[in-house]
Amino acid sequence: MLDKITNILIKIKNYFENEQPIISEQSKSIMELVEEAKREWLAAKEYFENVSDPDLIDYAIHSIKATEKRYNYLLKKVKQMNLEEIK
C-alpha cells in the first residue's frame, strides 16, 4: 500500500514540477478529473499519516497542499461550468 501511495505522490510531484498533465485531461470528463483529484488528495493525507521518516514529512505536507489545491481548482471549474449552463 505504501508503495502505491509513494508512486502516486511521485506522479503528483512530477505533474507540478513539469506543469504537464499526468494524463490527457481532454480525454476525461471534468467529473472524472475531480474524482481522481480527490483520490490523490486523500492518498496524500494517508501517506502523511503513515510516514515515519522525518525527511519525508515535508514532502508529505507539500503533497497534501498541492493535491488539495488541484482538487479545489477542479471543484471551482465545475461550479463555473454549472453557472454558465444555467445562463
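The values are calculated or read from the model by the stated rules, or taken from the named source; none is laboratory data. Not measured: the values here are computed from a predicted model. A quick note on method: Cβ atoms are made from the backbone with ideal geometry, for glycine too, and the neighbour counts reach across all protein chains shown.
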*Just to be sure, is residue 37 within 15 Å of residue 7 (Cβ to Cβ) and small (Gly, Ala, Ser)?*
no
*Looking only at residues in region 52-80 that are modelled with pLDDT of 95 or more and of a type in the set (Lys, Arg), which one is surrounded by the most Cβ atoms within 10 Å (Cβ to Cβ)?*
70
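Of all the residues that make up region 46-64, how many are out of contact with any helix residue (DSSP H, G or I) (no Cβ under 6 Å at 6 or more places or on another chain) and over 15 Å from residue 11 (Cα atoms)?
Pass one, region 46-64, residues out of contact with any helix residue (DSSP H, G or I) (no Cβ under 6 Å at 6 or more places or on another chain): 46, 49-50, 52-59, 61-62.
Now narrow it down to the ones that are over 15 Å from residue 11 (Cα atoms): 46, 49-50, 52-58, 61.
Count: 11.
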*Just need a number here: residues in region 40-87 that are farther than 21 Å from residue 2 by Cβ, among the hydroxyl-bearing types (Ser, Thr, Tyr) and under 9 Å from the mean Cα position of the chain (by Cα).*
1
*Could you tell me whether region 17-30 includes any residue that is in contact with a helix residue (DSSP H, G or I) (Cβ under 8 Å, 6 or more places away or on another chain) and modelled with pLDDT of 75 or more?*
yes
